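See structure below.
The values are calculated or read from the model by the stated rules, or taken from the named source; none is laboratory data. Quick caveat: nothing in here was measured; it's all calculated off a predicted structure. Cβ coordinates were reconstructed from backbone atoms using ideal geometry, including for glycine residues, and neighbour counts include every protein chain displayed.
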Amino acid sequence: MKAIMNYTLNNLIQKKKSSLLFALVFCLSFSLTAQKYKDFDKDHHIGLHHWEIPSKDPDRIILNFNGDPSTKRAVTWRTDLSVKNAKAQIAVAGVNSKFAKTAKTYKAKTEEFDLGLYKANNSFVVKYHSVVFEELNPNTTYAYRVGDGDNWSEWIQFKTANADYNSTQFVYFGDAQNDILSHWSRVIRMAYQTAPNASFVIHAGDMVDTAHRDYEWAQWFKAGGFIHRQWTTIPVVGNHEFQSTSRSSPKRVSIQWRPQFTLPVEEGLDSKLHETVYTVNYQDVLILVLNSTDFLEKQTEYIQEILSNSDAKWKIVTCHHSVFSPAQGRDFEYARKNWKPLFDKYGVDLVLNGHDHTYARGHIPIKTTDNNKSSNFNTLYITSVSGPKQYKIGLEQIKNYQLDGYKNDKLGEQTQFFQVISINEETLTYKAYTVLGDEYDTAIIKKDFSSGIKTLR
């Protein structure tokens, strides 16, 4: 009996030892894991603002066009590495919350992205997720959200384009670039206050100052906040979106550009131009987006092809560098000699630029009448700036553009602007506003679609 009791006692002691050992190993493992993540945060997130640090909650949510704007829309967002099954939901928006029960779920495409590719960034890996919503109904307000099933964004609304020609309104910004959160934020917010129902927004390049620096992109997303989630963005690559990742490497487009935007890919173009050169056809309005920093010659044939095959009622071109540079000492000669003749030939209505950190509105050709109306008008050229960095206007070089048939109509400097363009029937109305919301400049294009004759006033 004593032997049996001793055996039982020893067995219990051994089991307790095993349990204690298991508990010790588990606690140690948990502690090491916790320490690992603690150290990770300490090592990789040190010095960052809370709005720079990714989490399981979606951030940097942004809409882009990718395909027919009446039936498709792309959304992209960012999380930390803990998110395994990213998804998006969309439904026709309703007057109450019941619409959510009919939401369709899309599995997201996910890619890991190492911020450490640029040494000035804190070195850690994030995830970018994207979805292209398809088979949407034209002219319909939708609500969407993104997340992983447990951690969702808020429901966000946008409206699809009409299938046919219809009135529309959009916003255009020149360079944001510097002091984005502190000074550019009030520009985009005033623009939203002025045109809350805008269908989309064009950012004409130099959205940041240092192409690969994640802190600046974090500022850009924070400055726009929910506006980026609601207004569909047409981003234009600028020269400050190009930079080397090291002293020995060539300049390349921002490492964030392709992960954080989901843009059309023009298969016929060199892959290096993908998602920096593309077209959007919005309700019979052609928007041709060009890369004025790199591979200019390769784009000339593309411009010819797109414009010659387009029967859009309105043709708009946007690129970063100003075709008619108003800033002192600047010149985009290649575009004037090679792109402008194509704009002339195919009747481009509006060209939207940035780069020069000043304001200028002019047109081609020179007015042929004594009054404020022109029967010989072809293209309206705009250069603008939305950020605080400002340059001086070069009056002498503007005068020289007369040799190209250019007439300047309005200048401005030391002012932050945004622009609202409205299209209604046979009229395109262009308005420039200051950051205070005051109207600064107006131009109206009237076009006879049957004859192609345009007037400007």
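So for the range 319-327 (the condition being surrounded by 17 or more Cβ atoms within 10 Å (Cβ to Cβ) and under 30 Å from Thr71 (Cβ atoms)), does at least one residue qualify?
Restricting attention to the range 319-327, the residues satisfying the condition of being surrounded by 17 or more Cβ atoms within 10 Å (Cβ to Cβ) are 319-327.
From what is left, the residues that are under 30 Å from Thr71 (Cβ atoms) are 319-320.
Yes, the range 319-327 contains at least one residue that is surrounded by 17 or more Cβ atoms within 10 Å (Cβ to Cβ) and under 30 Å from Thr71 (Cβ atoms).
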**Fill in**
Out of (1) among the aliphatic types (A, V, I, L, M); (2) assigned to a strand (DSSP E or B); (3) more than 24 Å from Val132 (Cα to Cα), the one Ile287 does not meet is (3)
**Complete:** When the range 222-245 is checked residue by residue, the ones that are charged (D, E, K, R) and over 17 Å from Gly174 (Cβ atoms) are Lys222, Arg229
**Message:** Against the definition (closer than 30 Å to Asp438 by Cβ and surrounded by 19 or more Cβ atoms within 10 Å (Cβ to Cβ)), how does Trp257 come out, yes or no?
**Reply:** no
**Prompt:** Given the structure, is Ser248 touching a strand residue (DSSP E or B) at 6+ places or on another chain (Cβ under 6 Å), surrounded by fewer than 20 Cβ atoms within 10 Å (Cβ to Cβ) and not in a helix (DSSP H, G or I)?
**Reply:** no
**Asked** Of all the residues that make up the range 291-318, how many are under 20 Å from the mean Cα position of the chain (by Cα), modelled with pLDDT of 95 or more and either in a loop (DSSP other than H, G, I, E, B) or over 15 Å from Pro69 (Cβ atoms) (or both)?
**Response** 5
**Asked** In the range 173-197, how many residues are closer than 28 Å to Ala88 by Cα and in contact with a Ser or Thr (Cβ under 8 Å, 6 or more places away or on another chain)?
**Response** 1
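Would you confirm whether or not the range 282-290 contains a residue that is more than 13 Å from the chain's Cα centre (by Cα), in the same structural domain as Gly387 (by TED's automatic domain parsing), in contact (Cβ under 8 Å) with a residue 24 or more places away in the chain and surrounded by fewer than 20 Cβ atoms within 10 Å (Cβ to Cβ)?
Within the range 282-290, one or more residues are more than 13 Å from the chain's Cα centre (by Cα), in the same structural domain as Gly387 (by TED's automatic domain parsing), in contact (Cβ under 8 Å) with a residue 24 or more places away in the chain and surrounded by fewer than 20 Cβ atoms within 10 Å (Cβ to Cβ).
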